[in-house]
Structures are given as structure tokens and as C-alpha cells.
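Asks: Structure incoming, see below.
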Amino acid sequence: MIKKLLENSTCAQCRMCCIFDRYDVWETPLFDEITMNRVKSAVPDAEFAKKGNGYVLNVGKITGEELFSCPALAENGCILGDNKPFDCRIWPFRIMYFDGCRVIAVSSLCESVHRQSHDKLRAFLKEGLAKEIFAYADKFPEAVHEYYDNYSILLYENEIAK
Ligand code: SF4
């Protein structure tokens, strides 16, 4: 979805968005039922919990320096390929609540995207992805997180033509 901004090979080498520590465990993706079942067929001991219209990984308690790896992450990358959750397909973009509005923000953890000019990222979002993201958030409101200050806000919802 964001191949124009980020090469597949860059993602494959990084995997930062698939491994979580206690600070960013809130970033684990939301799965729809089909995607959750794909993971469960490949990794039967993967545990999920219902969250609104979707499902989240049952991460348990992470303490200290412990890391939690998404069960869909294999040696060669995500086993879901192009069927990965929407959250993963758009990362490092996220939809968040900021000051009572929905916004699209970009994570500073993904240096490859975050270092690109924010004007360029805004223009890219306005080409169509922003509408898709807000439509997704309408369907899965639980995918919208409170603003986290590791993110830079790129677009407010009212900047997108309906
Ligand atoms: S579903 Fe795939 S891309 Fe998403 S966090 Fe898990 S391994 Fe990474």
C-alpha cells in the first residue's frame, strides 16, 4: 500500500513493526476474522482476544526488556504476505485521536518513511490512502488510538475532501 514510499526489501530487513516491547505493545495490529484465522491455521498456538469488530493478539504481560514477536513473523518476514492486517499494510501511518479529531500521523520509528518530507507524505496520503484509512476507521473504530507523541501528525480528517 505504501510501496511508493518504502521498498519491500527495506521492510523485510527491518521488522521493527512486528516486534514489540512494553512501550509499544499497544501498536500490535488489529486483525479481521479472516486474517486472524489465517494466522491460527499457520500458528495454532497464536492467541487472540476480541476487540470491537476485530481481534488483537493476546500478548500477556511484558516486563523489563522482554520483547513480543507477532506470531505471523517468520524468518523470511510476515507469513501473511499481501494479506497482512490493514494496520500493517499502512504502517508507519496510524490513525489517532488528537484534540477531539481523527488524524493520520507517521511514526518516527520508521526512519525510512519519517525522514521523507512531510509535504511529500501528505501529498501521498491525499492521493487516496487517507480516504481508505478513514473508511477503515469507520468500520473498525477500535483501530484508532489516542495520540502518542512518537508520531508526527500529517493530516486532519477535515483536510480530506469527502
Ligand atoms: S501481521 Fe505480519 S506485518 Fe503485521 S505485525 Fe504481524 S508479522 Fe508484522
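The values are calculated or read from the model by the stated rules, or taken from the named source; none is laboratory data. Values in this document were obtained by computation on a predicted structure and should not be read as measured data. All Cβ positions, even for glycine, are placed from backbone atoms using ideal geometry, and neighbour counts span all protein chains on display.
Asks: In this structure, is Val59 crowded, with 16+ Cβ neighbours inside 10 Å, farther than 30 Å from Phe124 by Cα and in contact (Cβ under 8 Å) with a residue 24 or more places away in the chain?
Replies: No: the conditions fail for Val59.
Asks: Something else about it: When you go through Cys11, Cys88 one by one, which is the residue that is in contact (Cβ under 8 Å) with a residue 12 or more places away in the chain and farther than 16 Å from Phe140 by Cα?
Replies: Step by step, each of Cys11, Cys88 is checked, and only Cys11 is in contact (Cβ under 8 Å) with a residue 12 or more places away in the chain and farther than 16 Å from Phe140 by Cα.
Asks: For Leu6, only one of the following conditions fails: (1) modelled with pLDDT of 95 or more; (2) surrounded by 17 or more Cβ atoms within 10 Å (Cβ to Cβ). What is its number?
Replies: (1)
Asks: Further question: Which is surrounded by fewer than 19 Cβ atoms within 10 Å (Cβ to Cβ), charged (D, E, K, R) and more than 22 Å from Leu57 (Cα to Cα), of Glu159, Glu146, Glu142?
Replies: Just a single option satisfies the conditions, and that option is Glu159.
Asks: Could you list, in sequence order, all residues of the stretch 91-131 that are without any contact (Cβ under 8 Å) to a residue 40 or more places away in the chain, surrounded by 13 or more Cβ atoms within 10 Å (Cβ to Cβ) and of a type outside the set (Gly, Ala, Ser)?
Replies: Within the stretch 91-131, Glu111, His114, His118, Arg122, Leu125, Lys126, Lys131 meet the criteria.
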